[in-house]
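Beneath this line is the structure, given in structure tokens, with notes to follow.
Please treat every number below as a calculation from the coordinates, not as lab data. What you see is a predicted model, and the numbers here were worked out from it, not measured in a lab. Cβ sites come from the backbone with ideal geometry, for glycine too, and all protein chains shown count toward neighbours.
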Amino acid sequence: MARLAPVLHSGDLPLAELCAARLDGELVAVDDAFVSIDTAIIASVRAAAAARDWSPRLIAEQGTAAWIWGAAPLPPPRHQLCASLDRRARPPAPARCVLREVVIDDDEILLAAGVAVTAPLRTLVDIARFSPSFGESEQRTVRELADLAGATLAECRSALDRRRNLPSKRLAWARIRTVVDA
């Protein structure tokens, strides 16, 4: 007898059947996927739920990475992905995703269930740099990412100073200083 995958998508079983199992209390929804109710919703499960149709060259970043690491309660409406400028080919963006090309080092990428995800420190720097607003939700996410990374204020500054001419560096530093403890 064939076993089902731990993370189920509509390609594994009909969506109606998955939704019925969720209504019956057998499954719980994780992004666009489903898992057994006794499955711990950890980074590897969230990554597997989100990344079903992503190219292995794509890296989850910003809000998507924060959600995968557990620092944000919900995934963003459109997953945020990036591709390294060092790679020659730019894979197409899957549906419901925003894709950008970035300069990123190997030590800024971690794997969760085989899915490339920006490390918590890189993620918090990107959120501080690119969030249109920096309200309570973003502040809480940055604080949680700093705790997850075990990052001090000095380490956050070092991450910002890694690259010359980094856009929105001053804004990010001002935002990080308000939420990360020295």
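A few remarks follow.
- The calculated 222 nm mean residue ellipticity attributable to helices in the chain amounts to -11000 deg cm²/dmol, summing -39500 (n - 2.57) over DSSP H runs of n ≥ 4 and dividing by all residues.
- Net charge over other residues, Cβ less than 14 angstrom from the Cβ of Phe34 (K, R count +1; D, E count -1): -4
- Rounded to 5, percent antiparallel among DSSP beta bridges of the chain: 60
- Rounded to the nearest 0.05, the FRET efficiency derived from the C-beta distance between Asp106 and Asp181 at R0 = 22 Å is 0.20.
- Here the peptides 23-30, 163-170 are ranked by packing, the mean other Cβ count within 10 Å, and the order with the highest first is 23-30, 163-170.
- Prolate/oblate/rounded call for the range 1-40, Cα gyration tensor, a/c under 1.5 rounded: rounded
- Among Asp126, Asp107, Asp147, residue whose mean-square fluctuation peaks in a GNM of the chain (springs only between Cα atoms under 10 Å): Asp107
- Dipole of the chain computed with +1 at Lys/Arg Cβ and -1 at Asp/Glu Cβ about the Cα centre; of Ile41, Leu15, Ile127, farthest Cα towards the positive end is Ile127.
- Electrostatic dipole magnitude of the chain [Cβ: Lys, Arg +1; Asp, Glu -1; Cα centre; debye, to 20]: 880
- Among Thr118, Thr152, a tally of other beta-carbon atoms within 10 Å of each Cβ gives an order, fewest to most, of Thr152, Thr118.
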